[in-house]
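Notes for the one structure printed next.
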Amino acid sequence: MCGIVGYIGDKKAPPLLIDALKKLEYRGYDSSGVGIVVPGDGNIVLRKAHGKIQNLQNLLRSKPFPDSSLGISHTRWATHGVPNKVNAHPHRDCTGKILIVHNGIIENYESLKAALQKKGHKFVSDTDTEVIAHLIESHYKKDLLAAVQKTIKQLKGAFALGVICSDHPDTLIAARIGSPLIIGLGKNENFIASDVPAILEHTRKVIYLKDGQMAKLSKDNVEVFTFAGKSVKPKIDKVTFSLDAVQKQGYAHFMLKEMHEQSDVLKQMVQKRIKGNTFHLEELSTLDKELKNITNIIIVACGTAYHAGLVGKYVIEALSGIPVTVDVSSEFRYRNPIVGKKTLVMAVSQSGETADTLAAIKEAKAKGAKIVSICNVIGSSIARESDGVLYTHAGPEIGVASTKAYTAQLCMFYLIAAKLGVVRGVVAKKDIDNVIQALKHIPALYKKMLKTKNAIARVARSNAHFGCFLFLGRNVNYPSAMEGALKLKEISYIPAEGYAAGEMKHGPIALIDEYRAVVCIAPESDTYEKMISNIQEIRSRKGKVIAIATEGDEAIKKHATHVLYVPKTHKLLTPLLVALPLQLIAYYISVKRGCDVDQPRNLAKSVTVE
Ligand code: M6R
């Protein structure tokens, strides 16, 4: 949800700020802008453009920046004010001296704006962000840090900020609460950014600024303070993932690359976690006592992570007998949920920054629950807020459509379910072992399935003209159907619904005719025959059926229009396998329809606003 970058150092800031910003474009792509301080005359120069960063680059070809070694840049996902050039960041104060970029939402901006307008401040945009620039102006008495400090005290909401001022060509100010911000430490240069990929080309030494912290950067120094002004000794982390991880490496899209990476991500997970007949989740060992005594589990998550949580419910209940409910985070936090001291709340989030999930776990914590999270991004807000974190280590996921993070979350749920199963001891150990042993084979099966991608592409392309899709699954693959539908709608804009197949007769069957395609997830399972009946009901109403079935199932060919096969595995693990053809169907349909696969309209990778 918006990406920000700031640079101070010996290099030319403008091209660097644009390049770094492009690495954050997954966070929002409604409009973008760069502002710099020109050394010598101390002027501020600002360039903004509506739409993607490419438009800003085009503008800079006709109106290049003068040299500068201090600047800030922003790529926007609009919250307040339509996406256009005026509402694009950076924003400035009345004097034009102070420039800011912001990620987050200022909840009390209307009252602040009214008060500032009364004092004569002139606003040009419809954004909440602009109040910050004017507030800093109102407090500014030559000390920029002090003015930002006073401003922050008046703001309610979430923000990550970058601030520069033409009076201070050697200073970049940063602050955060609720929205992510890192500081990159270089040689004669320092950076701020919303995420690591932006600065990875320049440095691997980073400070993950914590909530309630701010920093003053010069080219050769970084000082960190609390909002109250107390000096803090920051922890310096070393980023371990490679630059390749944030580049397409020859793939047409990040999504395609990330789908291919799944076999390695899963391999690394099972190799790390399963050794022979034993498996390891040391991160939870401090919670062993609580896990023995918990009465129920509530999983909170959004979007694809929510679907992973739904699979988690089936698997945890099957292996441990602990009742699980799964809640969309934004529902959980506003419905006064019943959370006891013996409730374990699990948060699932790729980014670890999703505002609703973060708020949900804060709510649960306040009610006395222990929090365990499954996150991908190290040191993220949700991870820090949790009592135990299980990192999926899937590497950076750049495509807005979540793929490898999802299958890594599923893999983690199998391990957690097995751990809970062993702790609780209500399911036979051999049944748990069967799942764990089958999990070890999944990475190799992924490799095998990827070899069939051309066949999946053909089926996807030949169905890309349908105006509506239904995805049906049963039991542990009901969430797979929801995930398949979400993938398709978000990157191809085709209306798609994911349903429990048993519910088809209760409404969705009315949609079926020769113009609809139905993806039926029908691997070997206890409900296979029921799925075959569903397929027949669809075919007798002229609907087209793409069936996803287990290798060797020849019989299904006489029912379905197309059949895509996945290898045989333990029935609880089938969501892991069917995920790939579902992702590939969405991908190839999106490409065929000429959609923007990696940056679908209106979306952003991490949703850090409510
Ligand atoms: O970072 P998170 O896992 O918390 O994100 C949750 C959702 O915003 C995310 O899964 C979203 O639904 C994806 N675009 C789905 O592909």
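What follows draws every value from the coordinates through simple rules; no lab data is involved. Everything quoted here is computed from the prediction, not taken from an experiment. When we count neighbours, we look across all protein chains shown, and the Cβ atoms used for this are built from the backbone with ideal geometry, even at glycine.
Report, in deg cm²/dmol and to the nearest 500, the calculated mean residue ellipticity at 222 nm for the chain, where each DSSP H run with n ≥ 4 adds -39500 (n - 2.57) and the sum is divided by the residue count. Walk me through the numbers before you get to the answer.
On the way: 18 runs with 214 residues, N = 610.
Value at 222 nm, helices only, nearest 500: -11000 deg cm²/dmol.
Could you give the distance between the Cα centres of region 388-465 and region 310-363, to the whole Å?
20
Could you sort out which of Lys23/Lys605; Lys292/Lys571; Lys289/Lys370; Lys447/Lys571; Lys289/Lys341; Lys448/Lys489 sit more than 21 Å apart by Cα distance in this structure?
Values: Lys23/Lys605 12 Å; Lys292/Lys571 27 Å; Lys289/Lys370 12 Å; Lys447/Lys571 19 Å; Lys289/Lys341 13 Å; Lys448/Lys489 27 Å.
Table pairs above 21 Å Cα-Cα are Lys292/Lys571; Lys448/Lys489.
Looking at this model, which pairs from Lys342/Lys362; Lys63/Lys142; Lys187/Lys216; Lys97/Lys122; Lys257/Lys544 are more than 19 angstrom apart at the alpha-carbon?
Table pairs above 19 Å Cα-Cα are Lys63/Lys142; Lys257/Lys544.
How much length is gained if the chain between Asp220 and Ile338 is pulled fully straight, taking 0.36 nm per residue apart and subtracting their Cα-Cα distance, in nm to one decimal?
Full extension of this stretch gives 37.4 nm more.
Between the helical axis of 574-592 and the dominant principal axis of the chain, each derived from Cα atoms, what acute angle in degrees is found, rounded to the nearest 10?
60
Counting only other residues whose beta carbon sits under 9 Å from that of Ala405, what net charge do I get with K and R as +1, D and E as -1?
Around Ala405, the charge tally is -1.
Between helix 13-22 and the chain, what is the angle of the helix's C-alpha long axis to the longest principal axis, kept within 0 to 90° and rounded to the nearest 10?
The answer is roughly 20 degrees.
Once you place label points 7 Å from the Cα toward the Cβ at Glu110 and His441, how far apart are they in nm?
6.0
P(r) for the chain: what percent of alpha-carbon pairs falls in each 20 Å bin, starting at zero?
Calculated over all Cα pairs of the chain, the distribution is 20, 49, 27, 4 percent.
Report the label-to-label distance for Asp596 and Cys468 in nanometres (one decimal), using points 7 Å from each Cα along the Cα→Cβ vector.
Between Asp596 and Cys468, the simple spin-label model gives 2.8 nm.
Could you work out the local net charge near Tyr493, counting Lys and Arg as +1, Asp and Glu as -1, over the other residues with Cβ closer than 13 Å to its Cβ?
After counting each charged neighbour, the total is +3.
Among Ser69, Ser480, Ser540, Ser125, what is the fewest-to-most ranking by other Cβ atoms within 10 Å?
Numbers: Ser69 22, Ser480 30, Ser540 9, Ser125 18.
If I rank by nearby Cβ atoms, fewest first, I get Ser540, Ser125, Ser69, Ser480.
Taking only the alpha carbons of region 270-415, what extent do you get along each of the three principal axes, in Å, biggest first?
Rounded to whole Å, the extents work out to 39, 36, 26 Å.
Among the trypsin sites (Lys or Arg not before Pro) within region 260-343, which fall in a DSSP loop and have no more than 13 other Cβ atoms within 10 Å of their own Cβ?
Answer by residue number: Arg335, Lys341, Lys342.
Work out the FRET efficiency for Ser285 and Lys205 from their Cβ-Cβ distance, taking R0 = 22 Å, and round it to the nearest 0.05. Intermediate values should be presented prior to the final figure.
Details: r = 31 Å, r/R0 = 1.40.
FRET efficiency, Ser285 to Lys205: 0.10.
If I fit a long axis through the Cα atoms of helix 303-320 and take the longest principal axis of the Cα atoms of the chain, what angle between them do I get, 0 to 90°, rounded to 10?
50
Report the calculated FRET efficiency for Arg424 and Lys367 (r = Cβ-Cβ distance, R0 = 25 Å), to the nearest 0.05.
After rounding to 0.05, the efficiency reads 0.60.
Cα convex hull of region 458-539: how many Å³ per residue?
Each residue corresponds to 90 Å³ of Cα convex hull volume.
Mind checking the full-extension length gain between Glu554 and Gln154? Use 0.36 nm per residue of separation minus the Cα-Cα distance, one decimal, nm. Walk me through the numbers before you get to the answer.
Values: separation 400, 0.36 × 400 = 144.00 nm, distance 6.70 nm.
Stretched fully, the Glu554-Gln154 segment lengthens by 137.3 nm.
Tell me, what ³J(HN,Hα) does each residue in region 68-83 have, in order and in whole Hz, if you take phi through Karplus 6.51 cos²θ - 1.76 cosθ + 1.60 with θ = phi - 60° and put x for Gly and Pro?
Result, ordered by residue: 6, 10, 9, x, 9, 9, 8, 10, 10, 10, 4, 10, 10, x, 4, x Hz.
Test of understanding: ordering His102, His570, His202 by Cβ neighbours within 10 Å, fewest first, what list do you get?
In order of increasing Cβ crowding within 10 Å: His570, His202, His102.
Against the 2.2 N^0.38 Å scaling, with N counting residues, where does region 1-114 land? I'd like the Cα-based Rg ratio to two decimal places.
On the way: Rg = 13.6 Å, N = 114, 2.2 N^0.38 = 13.3 Å.
Compared with the compact-globule rule of thumb, region 1-114 sits at 1.02.
Two decimals is fine: what is log10 I(q)/I(0) at q = 0.14 Å⁻¹ for region 452-610, from a Debye sum with one equal scatterer on every Cα and no solvent?
-0.64
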